[in-house]
Every structure is written in C-alpha cells, then in structure tokens.
Amino acid sequence: MRAQVGIVRAGPAGLMLSHLLHLAGISSIIVEDRSRAYCEARVRAGLMEHWVAQMLIATGVGERLKREAMVHDGIHIAFGGEARPIDFNRLIGKHVYIYDQKEVVTDLIARRLADGGEIFFDAEGTSVHDFDGASPKIRFRHQGHAQEIECDFIGGCDGFHGICRPSIPAGVLNGYDRIYPFGWLGILSESPPPDKELIYCFHERGFALFSMRAPMVSRLYLQCAPDEDAEKWSDAQIWDELETRLGGVRPLKRGTILQKGVTPMRSHVIEPMQHGRLFLAGDAAHIVPPTGAKGMNLAMADVRVLSRALEAHYKSGREDFLTGYSGTCLSRVWKGQRFSWWMTQMLHRHSSEMDFDTKRQIAEIDYVTGSEAAMTSLAENYAGLPMD
Ligand code: DHB
C-alpha cells in the first residue's frame, strides 16, 4: 500500500490529522490496534477549547457538536463554603465546550470513512521503519496477513504507551517529567450536575471536580492516592465524599454510578517532537495532568501545525514549516504544561496541615477568583491560547 502520510492510531490526533490532510488533498492511511467499538466508547476528558470547537465546525465535523455539546461561559472555583465564578465570556468573549473525546473520535471516524478514508482497525504488531530516509514504512498484521504502508511521512499519534516514540534512536530525545503524589478517582453517574457549569473544589479533604456530559449525566472526580483501588470505594462512600468536598456551595443530587476508575497524574514532554520523517503528535510527545483538560486540545494544536506544514511541503515545496514543527508545537505545549501544573498545584491538597503552602494556596485561589487581571489570565489559558 502507498499513502503520502501513514498515521499510527485512530485517536483524536490521528483522525484529525487524516481529516485535515484529506481537505488539503493529501492522502493518508491510519493503522489502529484497537477495534472501532473500543475507540468510540472510551470515556476521556470532555472539555474543548474555543478554537478547537471552531476548527471542528469550520472543517465540517461539527454538526453533532453544534447540537449536543454543552456550551459554557466559564467555571466556578469553590473554597471556604463559597463558589466563585470566573466568567470567560465576559472577560475574554470566549466559551468552552463540553463534548467527550469519544464523541470527537466517533464523529471523525464516520467522516473519514464517508470521505473514502482508510482505517485499519484491530491491527497487530504495528511497527515503523526507515523514517530517517526518504521512504518510511509502517508494518502490521491485519486479519492474519502481513501488511506494509509505504509513505513519505509518518504521523506518530499513538499516545504515551505507543510504539513511535520508542522507535526513535536512543540519545535523540530529551524527556522532562513530573509525577504528582496523587491521582483522580473518576466517576460517571446518572445524575444532574450541581451547576450548569463546572465547579473545581479546594477542600481540606482534597480536590474535587464536578463536571458533566449531559443534563442528566455527571462526570465527577476526587483527589485520591495514585495507586487507589477504585473498587474499594462503595457508591455511598463516593457520594458522601463528593458532598463533603462540595462544601455546601450547591445541593448535590445522587444517582446511579455507571463507571469508576483511577487516573494517574503526570507531566511529561519529549523534545524534539520529530526525527527524520517521523512526527509525534499529542500524547506520544507530551502528557499533562488532567486539571484543566488540556490533553486533547494540545493534540489538536499539534496536528493543525503538522497538517499545515505538510501542505506547505506538497503545495509549495517549503520545508521550513516541517523543520520548525517541533519548535512551533513546543512553545504551546510548554504553556499548556505550565497551566496544567499551575491548576494542579493550586487546587490539590498537598498536606493535611494548615502549613505555609496551604496558606499560600488559599491566598492564590482568593487572588485568582478576585482579581480581574488574574481571572483574565486563567480564562485566556483555560479557553485556549490563540492558535493562528
Ligand atoms: C473534565 C476533565 C477535566 O480534567 C477538567 O479539568 C474539566 C473537565 C471532564 O472530563 O469533564
């Protein structure tokens, strides 16, 4: 098989890259080791920056998003028995959208297939080759047959545990890491969210987040130990803890818990994000802790930059955008890292003592929810830094 660009994995990054390339007249094939049903069902963070929603709409994959996404003007930060609003719409004229990553994946798969795109689901033993030369290859097994895609470039969109990054020779990449001493217990429940917008809670028993997926579906998170066993939490314990940490700022309606699981928290960046003709995008190159939900948004920014660079290569023979890919992406990635780290350190409980850092955190939250300048800075980062 032959395509101009071979793409590893059908997550939001790989699918959006393939879609943008198609619109630019560039062919691609996606290889995915999971089934289509798995890709379309996995619940992940559900918060989309303003420009990402605009890009989905502008490129023709935003129809369902326009109908079903919940459009939010801002967020609340709760502490000391009070929920303080930060109104992005008033501060910077932008919104954020609640639309689960799995819905983005579902819409993009449908669109790629309708446009004649090729996606090999259930691929086995995928590997990437010869990307330091002019003719890279992706090899895999599909329905018992060995397959090879010959391409000009490879998009490594295969996440943190993918095969693309480790295929780059030792000594080329530098990694930067931060592991946090806590995790999130994530819950999906059939219950109305306590507010029409998100509430981030700083509480002496730990952080809690009240998000949602639909008017009667809540997505809730509790700070927990990084190795917490989700099964040890009974439904009643979960609701009691959520109610305590919400601190009485809103009434909380309980409902059936549909899913629970623990998310680890880490920050990770590798530099550069490219080697030869292999370009890494999204989680394959960087991981953020979930606070602020930057993961998918940063992945979308990477593939926007990459699709434009490939378009410049094919249409006008310009190589500078491709050589500059990593530098362009990393300046945004590090700002996303800074913001995610900052939200995480500000809102999580690091100690049960009322010590210096706890006092400092309270002062920071008080400042961030009271100062017009600080609220504007939070709003600008949360709703998404300018893209173009
Ligand atoms: C969600 C997740 C986040 O990490 C966040 O900051 C906001 C929302 C979510 O899954 O809804």
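The values are calculated or read from the model by the stated rules, or taken from the named source; none is laboratory data. Values in this document were obtained by computation on a predicted structure and should not be read as measured data. Every residue, glycine among them, receives a Cβ derived from its backbone with ideal geometry; neighbour counts consider all protein chains shown. Only protein heavy atoms, including side chains, enter the accessible area calculation; ligands, DNA and RNA are left aside. Shrake-Rupley method; radii C 1.70, N 1.55, O 1.52, S 1.80 Å.
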All positions within segment 160-188 that are out of contact with any strand residue (DSSP E or B) (no Cβ under 9 Å at 6 or more places or on another chain) and closer than 30 Å to LYS260 by Cα: HIS161
Selection count where residues are within 14 Å of PRO192 (Cα to Cα) and either open to solvent by 60 Å² or more (accessible area, probe 1.4 Å) or more than 16 Å from the ligand (Cβ to nearest atom) (or both), scope segment 220-231: 0
Residues that are in a helix (DSSP H, G or I), without any contact (Cβ under 8 Å) to a residue 24 or more places away in the chain and either crowded, with 19+ Cβ neighbours inside 10 Å or aromatic (Phe, Trp, Tyr) (or both): does segment 363-377 have at least one? yes
The condition of being under 26 Å from MET48 (Cα atoms) and within 23 Å of the chain's Cα centre (by Cα) holds, among ARG266, ARG250, ARG245, only for ARG266
With respect to GLU148, determine if the residue is over 21 Å from HIS348 (Cβ atoms), among the acidic types (Asp, Glu) and out of contact with any strand residue (DSSP E or B) (no Cβ under 7 Å at 6 or more places or on another chain). no
Here is a list of conditions, (1) crowded, with 17+ Cβ neighbours inside 10 Å; (2) free of Cβ contacts under 8 Å to residues at least 40 places away in the same chain; (3) of a type outside the set (D, E, K, R), and ILE154 meets all of them except one; can you say which number that is? (2)
Could you list, in sequence order, all residues of segment 23-58 that are in a loop (DSSP other than H, G, I, E, B), away from the ligand (no atom under 16 Å from the Cβ) and buried (at least 22 other Cβ atoms within 10 Å of the Cβ)? GLU32
Suppose we filter ILE138, ILE179 for residues that are in a strand (DSSP E or B), more than 19 Å from the chain's Cα centre (by Cα) and away from the ligand (no atom under 16 Å from the Cβ); which single one remains? ILE138
Just the residues that are under 16 Å from GLY162 (Cβ atoms) and surrounded by fewer than 24 Cβ atoms within 10 Å (Cβ to Cβ), please, taken from segment 1-11. none
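Is it the case that some residue within segment 183-201 is open to solvent by 10 Å² or more (accessible area, probe 1.4 Å), closer than 15 Å to HIS286 by Cβ and either within 12 Å of the ligand (Cβ to nearest atom) or in contact (Cβ under 8 Å) with a residue 40 or more places away in the chain (or both)?
Step one: list which residues in segment 183-201 are open to solvent by 10 Å² or more (accessible area, probe 1.4 Å), which gives 188, 190, 192-197.
From what's left, closer than 15 Å to HIS286 by Cβ: none.
Taking every residue of segment 183-201 in turn, none turns out to be open to solvent by 10 Å² or more (accessible area, probe 1.4 Å), closer than 15 Å to HIS286 by Cβ and either within 12 Å of the ligand (Cβ to nearest atom) or in contact (Cβ under 8 Å) with a residue 40 or more places away in the chain (or both).
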Starting from residues that are among the β-branched types (Val, Ile, Thr) and surrounded by fewer than 20 Cβ atoms within 10 Å (Cβ to Cβ), keep the ones in segment 69-97 and report whichever is farthest from the chain's Cα centre (by Cα). ILE92
Restrict the check to segment 157-167 and report whether at least one residue is surrounded by 14 or more Cβ atoms within 10 Å (Cβ to Cβ) and more than 25 Å from the chain's Cα centre (by Cα). no
State all residues of segment 98-119 that are open to solvent by 30 Å² or more (accessible area, probe 1.4 Å) and over 20 Å from the mean Cα position of the chain (by Cα); if no residue qualifies, say none. ALA110, ARG111, LEU113, ALA114, ASP115, GLY116, GLU118
